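Novice: Below: one structure in structure tokens.
The values are calculated or read from the model by the stated rules, or taken from the named source; none is laboratory data. Every value quoted in this text rests on a predicted model; they were computed, and no experiment measured them. Cβ atoms come from the backbone with ideal geometry, glycine included; neighbour counts cover every protein chain shown. Each accessible area value is taken on the protein alone, full model and side chains, heavy atoms only, with ligands, DNA and RNA left out. Shrake-Rupley method; radii C 1.70, N 1.55, O 1.52, S 1.80 Å.
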Amino acid sequence: MEQLNHENHKGQFGSGFGFLMAAVGSAVGLGNLWGFPYKMGANGGFAFLILYLILVVFVGYVIMITELALGRKTGKGVVGAYKALSKKYAFIGWMGAIAPWLILSFYSMLGGYCIKYAVANLGDLFGASWGIGDANSGEYFGAFTSDMVQTVIFSLIFVVLTVLIVRGGVSGGIEKFSTVAMPALFIMLVIVIIRSVTLPGASEGLAFMFKPDWSAFEGTGWITVLAVAGGQMFFSLSLGMSIMIAYGSYLPKDQNLERSALVIPFADTLVAIMAGLATMPAVFASGLEPSQGPGLLFITLQTVFHSMGGFGPFFGFLFYTLVFIAAITSSISLLEGISAVAMDSVIEKGEKPDRKKIVTILGISIAITASLVSLDGLGANGFPQFFGQGCWLDAIDLIAEGILMPLGACYCAIIIPTSLVDEEATLNGARFRTKNFYDFCIKFIAPVMMVLVLLGQLDGFFGLGMFS
Ligand code: PFF
């Protein structure tokens, strides 16, 4: 039976651990497993890591605690939460509600790809005809992505699974699933790392990731790196939109806010680095180059598993299952973020929200957009393209990750009173140990960094050459 929060009737996390697993589950996703290692390697390796860590501490942590505090204080989803501050801020809330909806449309497609690849590797394990067999990984991927029926079906399977979990409620669905899934993901990741770093030639991959290359910072290069690292950080920590506000609204008042806000970025960054250790050594050991985008996950890494011989399909199955788990614990948070907004609007009318109905209706809308993005086949099927991007995924990502998220986080830093965070962090007599640090960062560092990130992202996406 779903435990009801008196104020909002939307639900509540049953335990601090459950909340952390759900929040870390939201943060750990495709962004960690493929975005981070590649971006780190391509943007100065260790130099990127240092900048990323600085951003996580000075910007990520402070935005995280601010969003969680706003959610818990107001007990509302993103639109209601900003409206509670002032009616004129409702538009920030709407930006925060649109972004997850956009992200879900491509995230579901990629989640569907993971299911397909986990199943195909399982097929190989049993020598079945539905495995990948000896097919060339690039050709196999190309054939799959342009197979409109299959890609839509796998995306829809992913959407249905997401909807089923979120229909189960905060403690009965999201928390229950994440509490089992996240530790399982961690164990699988450790197994894949052990295999990856013990392959002959693995050290080159470690060098790709960790070799300091300060040349990436030369001239205005640091702004480009900052923008890449900043965009990655917002996406990876699920910040700048509705998720952490909604999860904060389900966090019981007796849980220490500061501790939660520290643990989530720490765990997320740890997993991102671990993901690099799991993938990059294996890529280089196989004599391959890490590619950008979905090609890294589904072509390069599949080639690696194929080259491992007998055990390859086992590691392939394990790896794609792991990526699927990471993706679904993120997609449930995205769907919950929007559902919270819809449930609030019912509550505002004085009625009790029907979670199952709301989640299902929103799920159907996502099934439609996810199918459309899947039909585009990463730009392979000749559909018209937008904003100068090569596929719908990139165009949607440009709006969500490039614009809405940094803008949302920027508003969050400027608008939310520090007194609100202080009040939430010191409930039940808790000490807000990082208060001075927080006050300084939220006033001076976070806004400046976010404007730079926003400019750098726009510059990168539109190829304006502002910083070259
Ligand atoms: N943080 C997830 C990842 O790294 O893949 C993606 C994500 C989930 C982004 C939830 C935003 C969000 F609100």
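Novice: Out of E401, E351, report the one residue that is of a type outside the set (F, W, Y) and either within 16 Å of the ligand (Cβ to nearest atom) or not in a loop (DSSP other than H, G, I, E, B) (or both). Even if it seems obvious, please write down each step before you answer.
Specialist: Details: E351 fails: either within 16 Å of the ligand (Cβ to nearest atom) or not in a loop (DSSP other than H, G, I, E, B) (or both).
On inspection, the qualifying residue turns out to be E401.
Novice: Out of Y38, Y61, Y89, report the one residue that is modelled with pLDDT under 95 and either under 14 Å from S242 (Cα atoms) or of a type in the set (S, T, Y) (or both).
Specialist: Answer to the selection: Y38.
Novice: Okay, next question. Residue under question is M40, and the condition is that it be assigned to a helix (DSSP H, G or I) and open to solvent by 10 Å² or more (accessible area, probe 1.4 Å); does it hold?
Specialist: Judged against the criteria, M40 is not a match.
Novice: Right, something else. Starting from the range 402-426, take each residue that is modelled with pLDDT of 95 or more and list its partners that are open to solvent by 50 Å² or more (accessible area, probe 1.4 Å), counting only C-beta distances under 6 angstrom and pairs at least six apart or across chains.
Specialist: Final answer for the pair search is L420/K73; E424/K73.
Novice: Does A285 qualify as being of a type outside the set (S, T, N, Q), open to solvent by less than 10 Å² (accessible area, probe 1.4 Å) and more than 12 Å from the ligand (Cβ to nearest atom)?
Specialist: Judged against the criteria, A285 is not a match.
Novice: Sticking with this structure for a sec: If we scan the range 131-152, do we find a residue that is closer than 20 Å to L322 by Cβ, over 24 Å from the mean Cα position of the chain (by Cα) and not in a helix (DSSP H, G or I)?
Specialist: Looking for residues that are closer than 20 Å to L322 by Cβ, over 24 Å from the mean Cα position of the chain (by Cα) and not in a helix (DSSP H, G or I), one finds at least one in the range 131-152, hence yes.
Novice: Select from the range 413-451 the residues that are over 14 Å from Y61 (Cα atoms) and open to solvent by less than 40 Å² (accessible area, probe 1.4 Å) and list them in ascending order.
Specialist: Once the filter is applied, which keeps residues that are over 14 Å from Y61 (Cα atoms) and open to solvent by less than 40 Å² (accessible area, probe 1.4 Å), the range 413-451 yields I415, I416, L420, E424, A430.
Novice: A further question on this structure: For the range 264-275, does any single residue satisfy the condition of being farther than 16 Å from P37 by Cα, within 21 Å of the chain's Cα centre (by Cα) and open to solvent by 10 Å² or more (accessible area, probe 1.4 Å)?
Specialist: yes
Novice: Still on this structure: Which residue is farthest from I445 (Cα to Cα), if the candidates are limited to the range 181-219 and must be of a type in the set (F, W, Y) and modelled with pLDDT under 90?
Specialist: Ranking the candidates gives F208 first.
Novice: Among the residues of the range 220-259, which ones are assigned to a helix (DSSP H, G or I), within 18 Å of K73 (Cβ to Cβ) and either at pLDDT below 95 or of a type in the set (S, T, N, Q) (or both)? Please lay out each step first, then the result.
Specialist: Residues of the range 220-259 that are assigned to a helix (DSSP H, G or I), as a first pass: 221-236, 243-249, 257-259.
From the residues that got through so far, the ones that are within 18 Å of K73 (Cβ to Cβ) too are 243-249, 257-259.
Residue satisfying the conditions is S249 alone.
Novice: Condition test on M274, is it touching a Gly at 6+ places or on another chain (Cβ under 8 Å), modelled with pLDDT of 90 or more and part of a helix (DSSP H, G or I)?
Specialist: no
For every residue, the table says whether it meets (1) without any contact (Cβ under 8 Å) to a residue 24 or more places away in the chain; (2) buried (at least 24 other Cβ atoms within 10 Å of the Cβ); (3) away from the ligand (no atom under 16 Å from the Cβ).
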site	(1), (2), (3)
I54	yes, no, yes
G60	no, yes, no
V79	no, yes, no
W94	yes, no, no
I98	no, no, no
Y107	no, yes, no
G112	no, yes, no
G127	yes, no, yes
G131	no, no, yes
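Novice: Can you pull out every residue in the range 15-30 that is among the small types (G, A, S), open to solvent by less than 10 Å² (accessible area, probe 1.4 Å) and in a helix (DSSP H, G or I)? Spell out how you get there, then give the answer.
Specialist: So the first thing to find is which residues in the range 15-30 are among the small types (G, A, S), and the list is 15-16, 18, 22-23, 25-27, 29.
If we keep only those that are open to solvent by less than 10 Å² (accessible area, probe 1.4 Å) as well, we get 18, 22-23, 25-27, 29.
Selection gives G18, A22, A23, G25, S26, A27.
Novice: Looking at the range 315-333, which of its residues are open to solvent by less than 10 Å² (accessible area, probe 1.4 Å) and either farther than 17 Å from F154 by Cα or within 15 Å of the ligand (Cβ to nearest atom) (or both)?
Specialist: G316, F319, L322, V323, A326, A327, I328, T329, S330, S331, I332, S333
Novice: Taking the range 359-393 only, how many residues are of a type in the set (A, V, I, L, M) and open to solvent by 60 Å² or more (accessible area, probe 1.4 Å)?
Specialist: Summing the residues that are of a type in the set (A, V, I, L, M) and open to solvent by 60 Å² or more (accessible area, probe 1.4 Å) in the range 359-393 gives 5.
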